[in-house]
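J.: The structure that follows is given in the form of structure tokens.
No lab work stands behind these numbers, since they all come straight from the coordinates. Since the model is a prediction, treat every value here as computed from it, not as a measurement. With ideal geometry, Cβ positions are generated from the backbone for all residues, glycine too; neighbour counts draw on all protein chains shown.
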Amino acid sequence: MNRADRRGILKTFLLSLWGMATMVLLFVVILLVMEMMRQGQDPLRTLRPASAQPATPPPAPPLPALGTRDVLLYFAAKNGHALRPERREMEVSDSSHENCLRALEALAQGPGEEGVPVMPGELKVRALYLLEDGEMVIDFSRRAGTVQRRMRSVGIEALFVYGVVNTLTQSALQGSKDPTVRRVRFLIDGLPPQDSLPWHIDLREPIAPDQSWAEQTPDSGAHG
Amino acid sequence: MRLRAVDVQGVPHVSLPEFIDQCGGYCRVDPARVSADLFGRSVVVGVNDTKVYSSRESFALAHPVIRHRGEVLIAVDDLDVLLAQGFAARIKRPGVVPEGRETGQEPLPDIPDEALSPGRRLTVSTESTDIPAPEPLNTRRVGTGAAAIQTVIIDPGHGGSDPGYVSAAGLSEKDLSLAVALALRRILKETTVLKSYLTRSDDSTVSPRDRSNLARRVRGDLFVSIHAAVSMSETAEGFGIYYAPSTARAEVMSRIRRRRPGLFFTNTDRDNHARSMRAARALETSIAAASGVSEHWVRGVPVAILRDAGMPGVLVEVGHLTNPAETALLESRSQQEKIARGIAEGIAAMVGDVAMPGVQP
């Protein structure tokens with residue numbers, strides 16, 4: 001084998017290596033784009049220069065540092081297929097995280113005379129996290145011995161999920177210190193709910209609020 | 001195995017999907033072709049064509065496969081060729097009998113045992129000999145959008161070790177959903193030419209993954225999951241229909257497509273969402289009319305089984321097992337039948353006047 005042949009083989013080898021590396025890179029880019037889209041991000045918008053995007057999000061309306069506000073707690077209506085917002089006066093702070101924790105406690109305590117509870121008795125809040133992109137993560141823990149009594153249906157799960165999400169994403173709970181809560185991710189004992197118990201609703205992704213579940217009541221106009 | 005034969009211009013034909021079905025395979029009928037899977041092999045047969053395409057070789061039938069009165073028919077004489085060259089199987093005797101008589105006591109020794117249970121026989125009976133030639137395909141209207149439904153997946157919720165909710169009176173969600181699902185399948189079979197598959201036909205445990213896998217494998221066009229509602233309020237009543245809203249990915253694709261037309265050719269999630277919503281509305285109307293239930297609602301909810309099925313789909317909660325009066329009604333066979341008929345009518349209304357003659361909307 002002469003020198004030219006060896007050089008040819010080396011060239012072919014290097015070209016193949018380069019081709020394979022390009023393919024791997026392309027594959028990684030495709031995976032990245034798919035993941036961004038799965039999370040609801042627009043990959044094309046991300047590629048734009050920073051100047052094309054608004055420099056800062058629109059300023060939030062000024063909020064008092066401390067005080068009370070009218071907050072809507074979304075319980076189930078007696079007809080069993082809608083949420084009934086109940087107005088409560090709540091102490092709020094500048095921290096969305098704290099306000100949401102208080103609202104969750106109030107949801108767990110249950111409604112007044114008109115509504116039906118949405119929080120399953122088997123669950124209690126273990127931890128609450130608020131991520132920078134406005135995703136709130138609620139980690140529930142399951143009370144021992146309650147699994148057998150668990151009531152399951154799409155409707156009852158949806159009332160729980162949207163009762164929590166619609167409550168936590170309302171503007172009255174948003175503090176200026178924290179990002180605005182836009183969607184809620186559910187965990188049970190640190191895992192996606194489907195990993196511990198069968199659920200009809202797909203809780204692998206965070207849930208955005210849906211006002212179509214809310215009944216129109218005199219209270220519902222207060223906040224949204 | 002029983003097959004009804006019809007004479008078309010003097011040549012006895014049988015329904016190709018029915019034949020494949022009875023051999024243990026499955027078939028998908030599109031306007032211009034039929035895809036058949038049997039014994040682990042797949043073939044595609046053109047409608048109004050003699051050509052058969054398989055993964056191994058292409059071959060021709062003696063007579064074209066035709067569409068007649070909503071059914072895709074194959075000449076009885078071609079069954080041997082189709083089985084031999086398409087699926088490496090053989091029928092010793094096709095079982096064509098003199099007009100008006102039925103025989104078929106001949107076994108089918110060369111069809112694998114797992115495909116035919118012991119004692120099953122191929123019986124072909126003939127029907128009218130005075131049938132006009134089939135219409136050419138291009139004169140038919142072809143279904144689009146929500147109307148392009150040919151295969152319905154019926155999914156009775158829960159089952160086996162998972163009873164779902166059990167009412168105070170002892171009615172379990174798994175039994176109720178199965179009863180409605182079986183009635184729905186029977187009604188669809190009797191009144192339409194739609195293909196239907198059950199994710200379970202008895203009290204067996206089937207995982208959600210297996211349900212969605214089946215739906216994808218048989219390439220269903222509509223997934224109908226049947227469940228019961230429960231509520232913390234004893235007075236809650238009525239039926240609800242749920243469809244899966246668009247995923248975040250579909251919304252992003254949709255936004256990009258608006259700005260860069262042509263970048264994505266399809267947006268399956270978004271299309272499924274739109275079709276599912278139409279299906280939910282159609283079923284709401286028809287079930288309310290058939291069952292006489294006045295309280296009903298339609299909502300978009302990310303239901304896991306509907307998302308995983310990867311096709312338009314709805315989940316129907318047929319009534320509340322937490323309401324004693326409604327449970328008593330749901331327990332009655334006549335109410336189960338009414339609900340099933342309502343669902344079938346909703347599906348038929350979606351199919352409407354297109355694609356599948358023989359469907360009675």
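J.: Can you classify the range B:1-90 as rounded, prolate or oblate using the Cα gyration tensor, where a ≥ b ≥ c are the square roots of its eigenvalues, rounded means a/c under 1.5, and otherwise it's prolate if a/b beats b/c and oblate if not?
T.: Note, shape of the range B:1-90 comes out rounded.
J.: Using the alpha carbons of the range A:126-216, what is the convex hull volume per residue in cubic angstrom, as a whole number?
T.: Enclosed volume per residue, from the Cα hull, is 107 Å³.
J.: Can you list residues whose amide H is under 5 Å from B:ASP49's amide H, if they're 5+ apart or on another chain and H is modeled 1.01 Å from N?
T.: B:VAL65
J.: Show me, for the range A:174-185, the HN-Hα J-couplings you get by feeding each phi into the Karplus relation (A = 6.51, B = -1.76, C = 1.60, θ = phi - 60°), rounded to Hz, glycine and proline as x.
T.: 7, x, 6, 6, 10, x, 6, 6, 10, 8, 10, 9
J.: 5 Å is the cut-off here: which amide hydrogens, built 1.01 Å from N in the peptide plane, fall below it relative to A:ARG152, excluding neighbours closer than 5 in sequence?
T.: none
J.: Moving to a separate point now. Which of rounded, prolate or oblate describes the range A:68-222 when judged by the alpha-carbon gyration tensor and an a/c cut-off of 1.5?
T.: Oblate shape, in that a/c is at least 1.5 and b/c is the bigger or equal ratio.
J.: For B:THR322, which sequence-distant residues (separation of 5 or more, or a different chain) have an amide H within less than 5 Å of its own amide H, given hydrogens modelled in the peptide plane?
T.: Hits under the 5 Å cutoff: B:SER231.
J.: GluC sites (Glu not before Pro), restricted to the range B:277-330: which are DSSP loop and have at most 16 other Cβ atoms within 10 Å?
T.: Hits after loop and neighbour filter: B:GLU295.
J.: Something else now. Of A:LYS78/B:LYS174; A:LYS124/A:LYS177; B:LYS195/B:LYS338, which pairs sit farther than 23 Å apart, going by alpha carbon to alpha carbon?
T.: Over 23 Å apart, Cα to Cα: A:LYS78/B:LYS174; A:LYS124/A:LYS177.
J.: Still on this structure, I have one more. Whole-Hz ³J(HN,Hα) for each residue in the range A:91-105, computed from phi via Karplus 6.51 cos²θ - 1.76 cosθ + 1.60 with θ = phi - 60°, x for glycine and proline: what do you get?
T.: 6, 10, 10, 7, 9, 4, 4, 5, 4, 5, 4, 5, 5, 5, 4
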